[in-house]
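One structure below.
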Amino acid sequence: MRKLMPLLIAAYIISFIDRTNIGLAKEGLEADLGISAAAFGLGAGLFFVAYAACEVPSNLIMHRIGARFWITRIMLTWGLLSSAMALVQGEKSFYILRVLLGLAEAGLFPGLLLYLTYWFTRRQRVAAMGLFLVAVPVANIIGAPLGGALLELDGVGGLAGWQWMFALEGLPAVLFAFVVWRYLPDGPRDAKWLTTAQADRLVRRLAAEQEDGAAESGTHSFGGVLKDKYIVLAIVVYFCHQIAVYSLTYFLPTIIDTWADLSSFQTGLVTTLPWVFAVAGAVFLPRYATTASRSRTMLLAGLTAMTAGLVIAALASPVVALVGFCLTASCFFVVQPIIFAVPSSRLSGATLAGGIALLNTLGILGGFVGPYVMGLLEDATGNPLSGLWFVAALVAVGALAGLFFPKNDASVARTAQTGAMR
C-alpha cells in the first residue's frame, strides 16, 4: 500500500482530470465554437466508445509485456492528446480528438486494477481497490476549482479560457510518465523493497488463489467469461453505475451554473461538494462488506440511495438538489469495488486480464450513453435537469439487477472480506 498506492492514485487522478475537464469547458465550447449540448454530449461519450473498443487488447498486451512500459506509454500519449484539445475548431475536430483521447487512454483503469491483482491477496484486494478509487472524487475535487481558475485566463495571449485549461492540464500526464517509468515495478519480483524469498512467496500465494477461484467458477478461458452469470450481472450493474457517474461529472457544472450568477471558479468550488461526499463514502463504508451477503446488501443500498439522490436533485430547490447530488455521489465508490470484486475472485491469468477489461469495456459504455442522452434531453427541453430522470431510471434498473447478486457465493465472500478502507 505504502510503496505503490500513491503512485497509482496520482496517475489516475491526472487521468481523470484530463478525461473529464470538458465538463467545465462546455459553455466556452458552445459560445466560441457553436457546439450544441447534444454535440457536446456525443463528443463526451465518443471517448468511451473508443476507450471501450481497446480495453481488452490493451490489458492482454500489458499482461504480456509488463505494466511499467505499457502504463508509461498510455500516460505519454493521453497527455499529449489532452493538451491538443486546445486546438478544437468545431464539432468534427472535437469528435476526432475525443476519439483519439479514448484510444490513447484505453486500458489504464482496467490495467491498474489488473496490476493490483499482482500484489494483493483476496482479503486485501477490495481494500486496495477502494483506496485506489478515491482517485476519482479527489480528481474532481482538485480538477473543478483548478479548471475554473484556468478558465479565468480567458483572453490571455489571445487564447480562450478553455484552451488554456486543456493545454496546461495535459502536461502533468506527460511529466508523470517519466516518474512511472522510473519507479513502477512490473511485479513483486522487480520490487527493490522485497527480498527474493518474499517476492517468490507472494507470487506463489497469489497464483494459488487465482487457480482456486478459476476452479470454483469453472471459467478457464476468455471465451467463457460471459457464461458466468455473476460477471454478466456485474456488467449490467456497472453500466448503470457509469451512466450516473459520468452524467454527473460532465453536466453538474452546467446545472450548478443555472442556479445563480457564479464565476467559473465559484462554479468549480460548488461542483467539488458532491465529490467530497464521494471520498467520505469510499473511505468509511466499503469496509463493512465483509461477506457476500453484506456486499449484496451494500450494493443494493448504494444503488437505491443513488436513485433517490437523483430524484431529489431533479425536483428540489438548488440547496436541496445539491444535497441530492451529494447523496448520489457518496455511494459511487461504495458500489464500484463490490462490482470489481467479482471477476478478480473468479478468474485467473490472461483470463483475469481480459475479464477485468471486458467488465470495464461493456460497463463504461454507460459513460457514452449517459452524457449523450443528457445532452439530447437538454436540447429538447432547454432544461439541463431533464436528463436526471433518465439517469435515475437506469440506476434503478441496476438496483434490480443487484437483487440477483450472490448471497452466499464463497469466492465473492472471500474477496469482499475486509472492505475497502482501513
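The values are calculated or read from the model by the stated rules, or taken from the named source; none is laboratory data. Here the structure is a predicted model, which means the values were calculated and not measured. All Cβ positions, even for glycine, are placed from backbone atoms using ideal geometry, and neighbour counts span all protein chains on display.
Laid out as a table, the results:
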read-out: Options Ile22, Ile13; residue that is touching a residue at least 40 places away in the same chain (Cβ under 8 Å), closer than 29 Å to Trp70 by Cβ and crowded, with 24+ Cβ neighbours inside 10 Å; value: Ile22
read-out: Residue identified as farther than 28 Å from Leu376 by Cβ, free of Cβ contacts under 8 Å to residues at least 40 places away in the same chain and more than 13 Å from the chain's Cα centre (by Cα) among Ala301, Ala341; value: Ala301
read-out: Residue ID - nearest to the chain's Cα centre (by Cα), chosen from residues in the range 231-266 that are of a type in the set (Phe, Trp, Tyr) and crowded, with 18+ Cβ neighbours inside 10 Å; value: Tyr246
read-out: Condition check for Val276: at pLDDT below 95 and either under 16 Å from Leu388 (Cβ atoms) or of a type in the set (A, V, I, L, M) (or both); value: yes
read-out: Number of the condition not met by Ala280 [criteria: (1) of a type in the set (A, V, I, L, M, F, W, C); (2) surrounded by fewer than 24 Cβ atoms within 10 Å (Cβ to Cβ); (3) within 17 Å of the chain's Cα centre (by Cα); (4) more than 20 Å from Leu131 (Cα to Cα)]; value: (4)
read-out: Members of the range 31-87 that are of a type in the set (D, E, K, R) and surrounded by fewer than 18 Cβ atoms within 10 Å (Cβ to Cβ); value: Asp32, Arg64
